[in-house]
Amino acid sequence: MLEAYGSALAYLFGNPSSFLLIIFSVIWGIAFGSVPGLTGIVGVALLIPFTFVFDPTAGLLLLSGVYVGSTFGGSISAILFNTPGSPEAACTALDGYPMAKKGQAGKALGIALASSAIGGIFGTIVLMLLAPPMAQFALNFGPAEYFALAVLGITAISAIGGGSILKGLVAGLLGLGIATVGLDPITGTERYTFGNLSLLTGISFVPAIIGTFALAEVLQRAGEKTSTAEVITDVSTKLPSMKEFMETRFTLLRSSSIGAVIGALPGVGATTAAFISYSEAVRWSKRPQDFGTGVAEGIAAPESANNSAVGGSMIPLLALGIPGSATTAVMLGGLTIHGIIPGPLLMETNTQLVYTVFIGMFIANILMLIFGIRAARYFALVLKAPYALVGPAIVVLCMTGVYALNSNIVDVGVMLAMGAFGFLLRKLRYPIASFVIGLVLGPIAERSLRQGLVISDYDYWDFVSRPITAVLLIASLLSLIYGFYGQWKRHRQDRGSPAATG
Amino acid sequence: MLSLKITTIAAVVAGMSIAAPAALAEDYPSRTIEVIHSYGPGGGTDRFVRAVAVPFEEISGQSMVPISIQGGGGMPAFANFQQRRVDGYTLMAISPDQIIAHALGRISMDAFQPLARVQYDQGMIVVPADSPFQTIEEFIAHARENPGDLTVGITGAAGFDDTVMGLWNIETGAEVTTVPFGSSEMVSNTLGGQVDAMHEEYGPARGLIDSGDMRPLVVFSDERLPVLPDVPTAVELGYDVTLGRWRAFAMPADADPAHVETLYGLISEAVASDAYQEVQEQAALQFRSELLDPEEFQAFIEEEIEVYTRVLDALGLLN
Amino acid sequence: MAHRLLDLAFAVFLCGLSIFLWVVADGFPESRRFAQADADYWPKIIFGTMALIAAILAIRSVRDMRRSGLSAAGAFTMSPDFRNSALRIGGMGALVLVYFVAFQHLGFILATFAFLVLASFVLPYRNNLTRVLFAAGFTAVLVLFFTQALELPLPRGTGIFYDLNVLFY
């Protein structure tokens with residue numbers, strides 16, 4: 001293993017240009033991540049033709065750097081404009097933007113950046129040390145386990161939102177329900193398309209979150225009386241102090257671990273990891289009702305998890321040749337073009353490539369910290385511009401990004417509809433967090449439940465009696481009860497105090 | 001006032017460009033060719049178009065770019081294709097998915113002028129290394145005795161994989177249950193033993209086959225693969241299952257025949273180039289990828305429609 | 001009070017919608033192979049639960065309204081602030097919709113430029129020159145970035161606008 005790292009270092013220092021490649025790729029990734037609609041997948045896919053110029057190692061360094069950068073990049077626009085630049089960052093907007101609105105944009109960005117770097121490095125270390133055993137562990141996750149994992153995330157809805165429990169549940173169910181539009185994942189039947197073939201795609205996640213977050217926010221700001229006055233001040237990004245860091249250390253550790261494990265599972269990636277770790281952060285918090293109002297853990301949890309998931313999703317790719325996420329699937333295609341056959345033998349036959357990428361991802365995470373601060377400062381300049389220009393520009397950027405992503409005007413329509421819907425939900429105080437969690441985890445829950453039922457021949461007992469499933473489901477049930485109890489208790493306390501009425 | 005000006009400018013411009021093509025007919029293609037497809041950026045079809053585009057650009061001097069319009073069983077991509085002007089600069093990369101959409105009555109293959117079928121892949125039934133089944137005969141025998149007991153992972157619902165396995169069930173009479181997954185989950189669920197086998201092409205599975213983690217039992221092709229000389233074909237065993245995933249170019253049905261001819265010439269040259277052939281080999285697609293010209297391709301499509309319609313009907317997917 | 005009424009109306013709407021969608025799910029075509037957990041399996045669970053909870057919400061909000069004992073008389077008077085705010089939101093929403101239509105028919109360049117200029121009138125802003133320059137500049141940057149740097153398509157519009165836009169990208 002040391003020998004392998006030796007040859008990797010020899011490669012990097014033998015090709016100093018590879019450092020330039022990493023620098024470029026991280027900047028490209030951050031830029032791609034921060035533009036709404038342009039996801040990391042597109043950023044990676046567009047660079048594949050350029051990797052022809054380089055050897056496979058340099059090519060993979062380039063692609064993995066983009067992956068690292070894009071995962072963080074989305075959180076800048078999520079925090080500053082409530083516009084998640086990439087789906088991975090949707091969860092960051094839940095607490096990041098409220099914190100920025102409280103006048104602490106700099107702090108929010110600092111937490112996001114520090115958590116991203118910590119999560120990213122954590123994920124890379126797991127990848128370096130544990131790739132083969134982790135890949136084997138991930139193979140124990142069948143549909144039943146995926147289902148239980150999704151349920152665990154969904155049940156956190158009961159603890160989210162300081163307001164009404166029932167509204168939280170309805171918002172979550174709305175998310176789950178909207179996710180069922182389109183082609184059925186098992187039978188291929190058309191559902192809720194009402195004969196309209198353009199709805200077969202269903203409600204795609206990217207347009208949906210951009211609508212619910214960004215568009216709804218522009219509408220909200222349009223209605224505010226003080227739209228000329230600056231709402232967000234203090235955007236000088238600073239990393240959290242040691243004291244602040246220590247306060248979130250458990251959250252960081254828990255979320256990074258969740259991120260690495262979920263990242264390693266094929267088919268689910270950074271976005272799922274971010275939402276599940278957010279759910280867990282709410283569940284483990286002493287003040288769950290404060291989530292959504294701009295708490296540090298609400299930013300640290302998703303950001304460390306989604307970046308950790310980047311390293312995690314490289315695990316099955318490098319150890320088994322199975323991509324752990326949509327982005328790594330594109331990377332796999334890129335490797336094939338270079339004549340490299342991804343599979344379990346990759347780590348033996350292409351040792352130098354694999355270990356160079358390990359080191360490269362490590363460097364990329366550190367570079368992300370450096371460039372992230374700069375990028376955030378540039379973005380923050382936009383806040384100085386009058387909202388009469390910025391607001392419409394955000395609308396244009398969202399429309400363009402969503403259209404360009406898939407050249408599908410229906411997606412743009414979905415975004416608009418979801419924007420109006422998100423605005424309505426917000427006005428009526430239905431928690432957006434629950435709604436989005438339902439939207440993200442709903443498809444995973446449904447698909448895996450029904451796959452699992454087909455495999456077990458519709459034997460529900462066989463389905464739930466698997467060890468990992470049983471543990472996860474029992475944990476969900478307990479937390480559901482505990483969540484309701486906590487909300488009920490708070491509700492009673494609130495009723496007791498006269499200040500909370502009205 | 002403003003709109004009046006715009007209309008005037010636009011009218012002038014329009015006049016120019018309508019006059020233009022007639023004068024420049026020999027110069028076709030004179031700008032970028034856009035190829036619509038219904039898969040993700042960086043996916044198999046996207047890479048296929050890009051692989052053809054590189055030599056195409058050298059030969060014709062014009063670039064070719066893939067446009068990815070994902071999801072919805074290919075419907076949004078098809079809608080976009082149909083909305084575009086028929087000027088010879090819009091192609092669509094088609095595959096068995098369009099045949100299936102045709103059989104399901106969602107689109108009509110008559111909307112296409114077949115241009116060139118380029119790639120033709122072959123699927124396999126693959127089992128994990130610790131599977132009790134060493135040969136396809138054992139696999140079939142078990143399925144005969146316990147209909148529906150064996151689970152086979154496939155990619156996508158009511159799509160290409162479903163049709164292949166449906167045909168396999170019809171031909172062998174030994175019924176297996178298909179479980180639809182996303183492509184990477186299908187592999188991990190098979191490796192992890194959640195399902196008994198999977199249907200996968202040779203290219204993506206070869207890493208796991210080479211390492212001994214997976215074992216192919218049967219190939220859906222006319223001849224054995226030179227790289228897997230010990231794996232029998234379904235045809236050898238007496239089951240006529242040769243359906244494979246193919247990738248091809250098509251133009252709109254009312255495309256100018258001169259354009260079809262010119263473009264086929266350019267594409268066939270591009271496909272014959274070393275640059276393309278190398279990419280094709282790296283993706284392990286060379287075994288039966290034979291270029292079909294517009295007429296051969298049209299005949300091929302008609303055969304495919306017949307087979308797919310029969311199988312989908314048997315699966316109960318046609319109303 | 002207006003808010004409470006809206007709350008009630010939305011809960012009732014959701015309850016009705018869930019019941020409707022449940023019935024729609026019941027009519028999904030049946031699959032022979034997956035009959036035991038078919039296409040309607042999951043939607044029915046979701047919408048069934050939602051109908052139930054939305055009904056409880058509706059009942060609760062009726063009860064709350066009764067308890068607070070306020071008459072519905074004041075529900076429909078608006079403060080001038082609220083009216084202005086609603087007007088701006090409505091204006092912005094309408095403009096976005098018009099942009100969406102223009103986006104498809106006029107193509108990206110014209111639609112975007114016009115939208116940026118018009119939308120800046122909805123929000124308070126004075127400098128007319130900056131308004132137009134910004135709109136033109138931002139449109140140009142986006143067109144270059146998407147069509148040239150990334151080779152991603154932008155809408156070209158229909159009819160004569162198509163011919164116009166083909167000249168640019």
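The values are calculated or read from the model by the stated rules, or taken from the named source; none is laboratory data. None of the values given here were measured: they were computed from a predicted structure. Here Cβ is always computed from backbone atoms with ideal geometry, including for glycine, and neighbour counts include all displayed protein chains. Ligands, DNA and RNA are excluded from the accessible area calculation, which covers all protein heavy atoms including side chains. Shrake-Rupley method; radii C 1.70, N 1.55, O 1.52, S 1.80 Å.
Taking the stretch B:162-178 as the search range and keeping residues that are acidic (Asp, Glu) and open to solvent by 10 Å² or more (accessible area, probe 1.4 Å), which one is nearest to residue B:213 (Cα to Cα)?
To start, the set of residues in the stretch B:162-178 that are acidic (Asp, Glu) comprises B:162, B:171, B:175.
From what is left, the residues that are open to solvent by 10 Å² or more (accessible area, probe 1.4 Å) are B:171, B:175.
Details: B:171: 28, B:175: 25 Å.
Checked the stretch B:162-178; the qualifying residue nearest to residue B:213 (Cα to Cα) is B:175.
Per-residue answers, yes or no, for (1) within 25 Å of the chain's Cα centre (by Cα); (2) within 14 Å of chain B (Cβ to nearest Cβ); (3) modelled with pLDDT of 90 or more:
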position	(1), (2), (3)
C:19	yes, no, yes
C:25	yes, no, yes
C:33	no, yes, no
C:46	yes, no, yes
C:57	yes, no, yes
C:61	no, no, no
- Of all helices (runs of 4 or more DSSP H) completely enclosed by the stretch C:87-169, which ones contain at least 3 residues that are closer than 26 Å to residue A:424 by Cβ? C:108-122
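Residue-wise test of (1) open to solvent by 10 Å² or more (accessible area, probe 1.4 Å); (2) in a helix (DSSP H, G or I); (3) modelled with pLDDT of 95 or more; (4) not β-branched (Val, Ile, Thr).
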{"position": "A:79", "(1), (2), (3), (4)": "no, yes, no, no"}
{"position": "A:84", "(1), (2), (3), (4)": "no, no, no, yes"}
{"position": "A:101", "(1), (2), (3), (4)": "yes, yes, no, yes"}
{"position": "A:106", "(1), (2), (3), (4)": "no, yes, no, yes"}
{"position": "A:121", "(1), (2), (3), (4)": "yes, yes, yes, no"}
{"position": "A:126", "(1), (2), (3), (4)": "yes, yes, yes, no"}
- Note on the structure: Per the filter on the stretch C:1-39, residues open to solvent by less than 30 Å² (accessible area, probe 1.4 Å) and part of a loop (DSSP other than H, G, I, E, B) are C:28, C:31, C:34, C:38, C:39
- Task: Scan A:372, A:413 and give me the residue that is open to solvent by less than 20 Å² (accessible area, probe 1.4 Å) and on the phi < 0 side of the Ramachandran plot.
- Result: A:372
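Answer yes or no as to whether residue C:48 is within 28 Å of residue C:15 (Cα to Cα), out of contact with any Lys or Arg (no Cβ under 8 Å at 6 or more places or on another chain) and surrounded by 15 or more Cβ atoms within 10 Å (Cβ to Cβ). Please lay out each step first, then the result.
On the way: within 28 Å of residue C:15 (Cα to Cα): yes; out of contact with any Lys or Arg (no Cβ under 8 Å at 6 or more places or on another chain): yes; surrounded by 15 or more Cβ atoms within 10 Å (Cβ to Cβ): yes.
The answer is yes for residue C:48.
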- Exception for residue A:135 within (1) within 24 Å of residue C:35 (Cα to Cα); (2) over 20 Å from the mean Cα position of the chain (by Cα) falls at (1)
- Task: Kindly indicate whether any position in the stretch A:319-327 is away from chain B (no Cβ under 14 Å), touching a helix residue (DSSP H, G or I) at 6+ places or on another chain (Cβ under 7 Å) and open to solvent by 10 Å² or more (accessible area, probe 1.4 Å).
- Result: no
- Task: Looking only at the stretch A:354-369, decide whether some residue is at the interface with chain B (Cβ under 9 Å from one of its Cβ atoms), more than 30 Å from residue B:204 (Cα to Cα) and under 23 Å from the mean Cα position of the chain (by Cα).
- Result: no
- Task: Scan the stretch C:90-141 residue by residue and report those that are among the polar types (S, T, N, Q), facing another protein chain (nearest Cβ under 9 Å) and open to solvent by 10 Å² or more (accessible area, probe 1.4 Å).
- Result: C:104, C:127, C:130
- Qualifying residues in the stretch B:84-102 (those that are within 12 Å of chain A (Cβ to nearest Cβ) and farther than 13 Å from residue B:254 by Cα) - the one surrounded by the fewest Cβ atoms within 10 Å (Cβ to Cβ): B:97
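Here are some residues: B:43, B:105, B:61. Which one is surrounded by fewer than 24 Cβ atoms within 10 Å (Cβ to Cβ), more than 14 Å from chain A (Cβ to nearest Cβ) and small (Gly, Ala, Ser)? Write out each step before concluding.
Details: B:43 fails: more than 14 Å from chain A (Cβ to nearest Cβ); B:105 fails: more than 14 Å from chain A (Cβ to nearest Cβ).
Only one candidate passes the filter, namely B:61.
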- Going through (1) at the interface with chain A (Cβ under 9 Å from one of its Cβ atoms); (2) closer than 26 Å to residue A:136 by Cα one by one, residue B:148 fails only at (2)
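Can you report the number of residues in the stretch A:392-408 which are at the interface with another protein chain (Cβ under 7 Å from one of its Cβ atoms) and at pLDDT below 90?
Residues of the stretch A:392-408 at the interface with another protein chain (Cβ under 7 Å from one of its Cβ atoms): A:392-393, A:395-396, A:399-400, A:403-404, A:406-408.
With at pLDDT below 90 added as a condition, the list becomes A:404, A:406-408.
Within the stretch A:392-408, residues that are at the interface with another protein chain (Cβ under 7 Å from one of its Cβ atoms) and at pLDDT below 90 number 4.
Which residue is farthest from the other protein chains (Cβ to nearest Cβ), if the candidates are limited to the stretch C:142-169 and must be open to solvent by less than 50 Å² (accessible area, probe 1.4 Å) and at positive phi?
Among residues in the stretch C:142-169 that are open to solvent by less than 50 Å² (accessible area, probe 1.4 Å) and at positive phi, the one farthest from the other protein chains (Cβ to nearest Cβ) is C:157.
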- Within the stretch A:328-338, how many residues are open to solvent by 10 Å² or more (accessible area, probe 1.4 Å), assigned to a helix (DSSP H, G or I) and more than 7 Å from chain B (Cβ to nearest Cβ)? 1
- Filter the helices (runs of 4 or more DSSP H) completely within the stretch B:179-291 down to those with at least 2 residues that are crowded, with 21+ Cβ neighbours inside 10 Å and within 14 Å of chain A (Cβ to nearest Cβ). B:183-191, B:202-210, B:274-282
- Does any residue of the stretch A:340-350 turn out to be crowded, with 22+ Cβ neighbours inside 10 Å, under 22 Å from the mean Cα position of the chain (by Cα) and in contact (Cβ under 8 Å) with a residue 12 or more places away in the chain? no
- Task: Those residues that are within 14 Å of chain B (Cβ to nearest Cβ), open to solvent by 10 Å² or more (accessible area, probe 1.4 Å) and touching a Gly at 6+ places or on another chain (Cβ under 8 Å), I need them from the stretch A:167-189; list them, please.
- Result: A:179, A:181, A:183, A:188
